[in-house]
Amino acid sequence: MGTAVVFKPTSIQRKALSLLKGGAKHILLFGGSRSGKTTVLVMAIIFRALMYAGSRHLICRYRAKDAKSSVLRETLIPWLNNTVSNNGYRYLAHESMITLYNGSEIWIGGLGDKEQADKILGHEYNTIYFNEISQISYAAVTTAYSRLAMKIKGCRNLFYYDCNPGSPLHWAYKIFVLKKTFLTSEPLEKPELYQSMILNPEDNRANLPDDYISDILDALPEKQRARFRDGLWTKTEGVIYEKFDETMIVKISELPEKFDRYAGGQDFGLNITFVKIAWVGEKIFVLDDYGAFNMTTQSFNEELSARRLLNCPDEMGLPVYCDPAGGERIQEITGGVKANNSVESGIDYINAKIERRQFFVCDRCTGVLSEIWDYCRDEAGQVVKVNDHFMDALRYAIFSDIQQGIILS
């Protein structure tokens, strides 16, 4: 069956397509809203699926329903209708998969639900496209890396990413812009494999309503305008820990030699996270964190022990305050006890510590740092429950510890 491709890319989209054809294995397109990022990457996947018969490709987001609404229905299916016609593919809704006439498959799913994640990560792919990575944890992305292993003659396996930029502490900024490893901040061993490009609404003006930029994007609040119009990496609008700044990030060598006491916080779920804190007088130091994706609680606890994150000097002991919804899983964590889950009170307490400059984060705490400027409220004032796993563990550790009645005065 022949194709009738009618995709007419803008000049900036042509540059992006050229980038995709280069030698990089990881390609990130970032920028403002409605800039054409998703269209470019979806068209690239369609082309690869048509070019390499029998190949398999994955488009995933944090939530499967968002992947289906924003990518599948708004972009993928319309462009398939324009390229192979609706007779050239089948959409199997129960599998969240499209099969093309040449046997290639395009899967759509979410990494925020265990059943969904197990389903889509049970296959191997030639392309994995992470849509809106500002919402996806680094642990989830790297877990999916092993699934880029399908062998199709002539097809070079690739990772695609896109996002409206988050904060400059986000893992994607560190890797693609600063060209540093996320966990150690060392220079990337092969930086040429990681390439990125900015696409903004102005570059896609010809495909937008006449008033979209002037009446909608230009009218946004300053931080939203910087992110959604200009494609800048900046603190999120409504960020909860607004007063936290980079002067509160300390090196290991700058940490106090001795602490008064220690505590840990544990969050459960598909993204499982741990945060270790310590006190000197009224000051809080976030010493360590660790996170994993789709790992059992027992295995995670063993990993914490192996990394010596549960150790304390002088056998002080480490209470680990766990998500009270964890049930029996709390017993699988060494030192695990139920946390105080007073969300607003905990947030207020941490904010007070930040405002008094009594809160510091060690620069090795990549999980906490990657979330702290993206942890925000929506327009209704509710905490946005996306990519907040380290923030929950941090709150459990700090607020539960002071609720034990041993806070130093």
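None of the figures in this text is laboratory data; all of them are computed from the coordinates on show. Because the structure is predicted, anything quoted here is derived from the model rather than measured. Here the Cβ positions follow ideal geometry from the backbone for every residue, glycine too, while neighbour counts run over all protein chains shown.
Tell me, what does the Kirkwood hydrodynamic radius of region 11-228 come to in angstroms if you use every pair of distinct C-alpha atoms?
Values: mean 1/r = 0.0559 Å⁻¹.
It works out to 17.9 Å.
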- Query: lysines near K68 by alpha-carbon distance under 16 Å, same-chain residues fewer than 8 away left out - which ones?
  - Reply: K119
- At a Förster distance of 30 Å, what's the computed FRET efficiency of A380 paired with E222, Cβ-Cβ distance as r, to 0.05? 0.90
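Based on the alpha carbons, how large is the Rg to Rh ratio for the chain when Rh follows Kirkwood? Walk me through the numbers on the way to the answer.
On the way: Rg = 22.7 Å, Rh = 22.7 Å.
My calculation of the ratio gives 1.00.
Could you check what % of the DSSP bridge pairs in the chain are antiparallel, to the nearest 5? Kindly include the intermediate steps, with their values, before the conclusion.
On the way: 27 of 62 bridges.
Percentage antiparallel, nearest 5: 45.
Quote the FRET efficiency, to the nearest 0.05, computed for E254 versus Y212 with a Förster distance R0 of 45 Å and r equal to the Cβ-Cβ distance.
Working: r = 47 Å, r/R0 = 1.04.
The value I calculate is 0.45.
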- Debye log10 I(q)/I(0) at q = 0.15, 0.16 Å⁻¹ for region 246-402, Cα point scatterers: -0.74, -0.85
- Message: Using the Cα centre of the chain as origin and beta-carbon charges of +1 (Lys, Arg) and -1 (Asp, Glu), tell me which of M391, G336, Y101 is placed farthest towards the positive end of the dipole.
- Response: Y101
- Given Cβ charges of +1 for Lys and Arg and -1 for Asp and Glu, the option among I198, L220, T181 whose Cα lies farthest towards the positive end of the dipole of region 165-224 is T181
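Kirkwood hydrodynamic radius of region 201-304 from all distinct Cα pairs, in Å? Provide the component values of the computation, followed by the final result.
Working: mean 1/r = 0.0556 Å⁻¹.
For region 201-304, the Kirkwood estimate is 18.0 Å.
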- Count the net charge of all other residues whose Cβ sits under 11 Å from the Cβ of N341, scoring Lys and Arg as +1 and Asp and Glu as -1. -2
- Item | Rounded to the nearest 20 debye, dipole of the chain from Cβ charges on Lys, Arg, Asp, Glu | 1640 debye
- Distance in nm between pseudo-label sites at Q404 and N311 (7 Å out along the Cβ direction from Cα): 2.1 nm
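Given K25/K385; K21/K151; K174/K251, which pairs have Cα atoms separated by over 29 Å?
On the way: K25/K385 31 Å; K21/K151 19 Å; K174/K251 17 Å.
Table pairs above 29 Å Cα-Cα are K25/K385.
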- Query: When DSSP assigns beta bridges and you keep just the ones with both residues in region 246-402, what percent turn out antiparallel, to the nearest 5?
  - Reply: 60 percent
- Task: Would you please give the FRET efficiency between E328 and R205, computed as 1/(1 + (r/R0)^6) with r the Cβ-Cβ distance and R0 = 51 Å, to the nearest 0.05?
- Result: 0.35
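Find, among the GluC sites (Glu not before Pro) in region 353-385, those assigned to loop by DSSP (not H, G, I, E, B) with at most 15 other beta-carbon atoms within 10 angstrom.
Details: sites: E355, E371, E379; in loops: E379.
Sparse-neighbourhood loop GluC sites (Glu not before Pro): E379.
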